[in-house]
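The values are calculated or read from the model by the stated rules, or taken from the named source; none is laboratory data. What you see is a predicted model; the values in this text were computed from it and never measured. As a convention, Cβ positions derive from the backbone with ideal geometry for all residues, glycine included, and neighbour counts pool all protein chains shown. For accessibility, only protein heavy atoms count, side chains too; no ligands or nucleic acids. Shrake-Rupley method; radii C 1.70, N 1.55, O 1.52, S 1.80 Å.
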Number of protein chains: 2
Amino acid sequence: MSLFTAADAPTFDDVLSAADRLDGLAVRTPLISSPTLDARIGAQVLLKAEPLQRTGSFKFRGAYNALSRLGDEARRRGVVAFSSGNHAQGVAEAAKLLDIPATIVMPSDAPEIKKAGVIARGAELKLYDRETESREALAWQLCEESGRTLIPSFDHPHIIAGQGTCGLEVFQELSGRGLKAGRLVCCVGGGGLIGGINLAAEALSPETETFGAEPEGFDDHARSLASGELETNERKGGSVCDALLSPAPGELTFAINKRRLSGVGVVSDDEAMDAVRFAFEHLKIVVEPGGAAALAAVLSGRVEPAASGVTVIVLTGGNVDPGVFARAIGA
Amino acid sequence: MSLFTAADAPTFDDVLSAADRLDGLAVRTPLISSPTLDARIGAQVLLKAEPLQRTGSFKFRGAYNALSRLGDEARRRGVVAFSSGNHAQGVAEAAKLLDIPATIVMPSDAPEIKKAGVIARGAELKLYDRETESREALAWQLCEESGRTLIPSFDHPHIIAGQGTCGLEVFQELSGRGLKAGRLVCCVGGGGLIGGINLAAEALSPETETFGAEPEGFDDHARSLASGELETNERKGGSVCDALLSPAPGELTFAINKRRLSGVGVVSDDEAMDAVRFAFEHLKIVVEPGGAAALAAVLSGRVEPAASGVTVIVLTGGNVDPGVFARAIGA
């Protein structure tokens, strides 16, 4: 189910326009180096630290870009979003900034820190059962009843363009330092972030190969790239990478990603948790398991570093419950 | 006990010289903004994130600067350092880079992550009992037996100048963004870091008021500022802020700090642990309790934010054992 077709896919100009909207509101997150990581990988690595983004993940970028483009009438009526938690917080934060009523549909097993983040921002929270209920149906029903606008978590031109500002910052910063990215590795749920990054890479750094990272059992992008068609996951939940459990690539996101994504590394839950621990011990950044999937893919050797130029790894979010984090770090 | 007198205190030129030595080796750590923190404090705050420094704390800066200035003969003989753990890792890392043998004297109750960091870098570790043994005596004995050079953790011109590069980066970055720091808050153990920062502030940002932060029971700088003399702590251990338990200000460091430090906020262990949790939940940075003392001082209201200009908070280190971190985040 998508609101759009591939013809509606955004362009690099849309990413630039999103960057204007986000200026002064989104955090320009740092691109971090770690001698320990470089030694471990045997290559020069730079980490784009999106856990340091407003709301603790990159999702604020797309959410604010989308909400800020709604007209007065749509703003008054409000928005609905369904999300495992990070898009939820991005939408809630953007809605708060723009004074738009927001209702968020989240799975009942979402991390508590993500539920609390939505409520703290003044949005209305509706929970559903991931195994038995359809969040799409629930969200559509809410929209039909109230005239609210649905804000999809990835398959929307404004969302993809907003996430693309993450890539824009990476390539601008590298250029300023006189560096080139041979490879960029980023986790993939619905493919919105890597889609936006791919738009920036096409325009600013065509030599950069982009790779995805997915959790085992949710390797829809890996299979879709192989078949050329949109492949769907059989499982609906059960991975510690709660942020990456989208059922299938988006129409729009896959239209972009299939022309540019060089491959996908599939990581186990244990590998994701090991990457969370590595980030705790050596990078000193709080990363949630899904947000550490790209780091896990490189640490586990499932994605090789660049043969020339730097390897950029995107850490995408850090909204993790204390209990899960304690387990990851062996406390 | 100091190897130096106040007349040996370094100058801003020494900080600039240290920056040259550290170029390409130390991480230029980011200055991070957090809309959540700004809202909580009611002021524009920027965080200098030294947990992201090589070895997980700012200590690499001074250690490398000092070791890189040793002559060939001294390098062959090696170095000795005593430290609660972060200076230990800084010296061990610098010694490894420069191929200098290093022996580190650490308290037996130091965090395991800090002991492991020393051993992983190939240095020799000697443990002592914080309550019954003198680390100074032990270190001197090692130096006399072996002809090795003692590298103090704070009261040394090259150490202070090296730590000052942290302040240099802060004021250069602010200047590049067209901002001025009204206040800068930084935790204080022996006063080496804030001493170096004060040298940078005098030269580049004289309008910036600097404040320290100390743990309860280890408020030697607060009392020394009040009396104008070097005051000593009665306690030797027992605070969760293991990085900040120096017995007294240094001769050199206090010579600088007494002319420039506007005040010191004294924080409880609970306030330090609350700041660790805040950094986990909202900043997504791993900070050790001592490294979070300045954040704790501002969050608790013990140090007010700047009335005009930005407030800079230095997060100094992130080497914390998983068990302590889990306790801080309520896992």
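List of remarks:
- Residue list for the range B:261-315, filter: closer than 14 Å to residue B:186 by Cα and either among the polar types (S, T, N, Q) or not assigned by TED's automatic domain parsing to the domain that holds residue B:168 (or both): B:262, B:311
- Within the range A:315-328, restricting attention to residues that are more than 7 Å from every other protein chain (Cβ to nearest Cβ) and hydrophobic (A, V, I, L, M, F, W, C), the residue that is farthest from residue A:239 (Cα to Cα) is A:315.
- Meets criteria (within 19 Å of residue A:278 (Cα to Cα) and surrounded by 24 or more Cβ atoms within 10 Å (Cβ to Cβ)) for residue B:318: yes
- Any hit, the range B:20-33, residues being under 20 Å from residue B:307 (Cα atoms) and small (Gly, Ala, Ser): yes
- Residue ranges of helices (runs of 4 or more DSSP H) in the range A:17-107 with at least 2 members open to solvent by less than 10 Å² (accessible area, probe 1.4 Å) and within 14 Å of chain B (Cβ to nearest Cβ): A:59-67, A:86-98
- Identity of the residue in the range A:3-16, open to solvent by 20 Å² or more (accessible area, probe 1.4 Å) and not in a loop (DSSP other than H, G, I, E, B), that ends up nearest to the other protein chains (Cβ to nearest Cβ): A:16
- Taking (1) within 20 Å of the chain's Cα centre (by Cα); (2) open to solvent by less than 50 Å² (accessible area, probe 1.4 Å) in turn, residue A:138 satisfies each apart from (1).
- Exactly one residue out of B:227, B:239 is under 22 Å from residue B:268 (Cα atoms) and either touching a Phe, Trp or Tyr at 6+ places or on another chain (Cβ under 9 Å) or not acidic (Asp, Glu) (or both), and it is B:239.
- Leading residue by the ranking (farthest from residue A:109 (Cα to Cα)) among those in the range A:228-238 that are open to solvent by 30 Å² or more (accessible area, probe 1.4 Å) and touching a residue at least 24 places away in the same chain (Cβ under 8 Å): A:228
- For the range B:108-145, the candidate set comprises residues that are part of a helix (DSSP H, G or I) and among the β-branched types (Val, Ile, Thr); within that set, the residue that is nearest to residue B:245 (Cα to Cα) is B:113.
- Checking the range A:145-157 against the condition returns a match, with at least one residue being without any contact (Cβ under 8 Å) to a residue 24 or more places away in the chain and open to solvent by 40 Å² or more (accessible area, probe 1.4 Å).
- Taking every residue in the range A:272-291 that is over 18 Å from residue B:111 (Cα atoms) and pairing it with any residue that is of a type in the set (S, T, N, Q) and buried (at least 24 other Cβ atoms within 10 Å of the Cβ), at least 6 positions away or on another chain, the pairs with Cβ-Cβ distances below 6 Å are A:288/A:319; A:291/A:316.
- A count restricted to the range A:165-193 and to residues that are touching a Ser or Thr at 6+ places or on another chain (Cβ under 8 Å) and touching a residue at least 60 places away in the same chain (Cβ under 8 Å) stands at 16.
- Scan of the range B:281-309 for residues that are within 14 Å of chain A (Cβ to nearest Cβ) and surrounded by fewer than 24 Cβ atoms within 10 Å (Cβ to Cβ), ordered by number: B:281, B:282
- Among the residues listed as B:276, B:312, B:266, the single one being within 14 Å of chain A (Cβ to nearest Cβ), under 17 Å from the mean Cα position of the chain (by Cα) and modelled with pLDDT of 95 or more: B:276
- Candidates A:331, A:248 - the one that is modelled with pLDDT under 95, in contact with an Asp or Glu (Cβ under 9 Å, 6 or more places away or on another chain) and within 14 Å of chain B (Cβ to nearest Cβ): A:331
Yes/no matrix, rows are residues, columns are (1) part of a strand (DSSP E or B); (2) surrounded by 24 or more Cβ atoms within 10 Å (Cβ to Cβ):
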| site | (1), (2) |
| --- | --- |
| B:185 | yes, yes |
| B:196 | no, yes |
| B:223 | no, no |
| B:226 | no, no |
| B:240 | no, no |
| B:247 | no, no |
| B:253 | no, yes |
| B:265 | yes, yes |
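- Residues of the range A:63-81 satisfying the condition of being touching a helix residue (DSSP H, G or I) at 6+ places or on another chain (Cβ under 9 Å) and free of Cβ contacts under 8 Å to residues at least 40 places away in the same chain: A:75
- Scanning the range B:158-182 for residues that are in contact with a Pro (Cβ under 6 Å, 6 or more places away or on another chain) and surrounded by fewer than 19 Cβ atoms within 10 Å (Cβ to Cβ) yields a count of 0.
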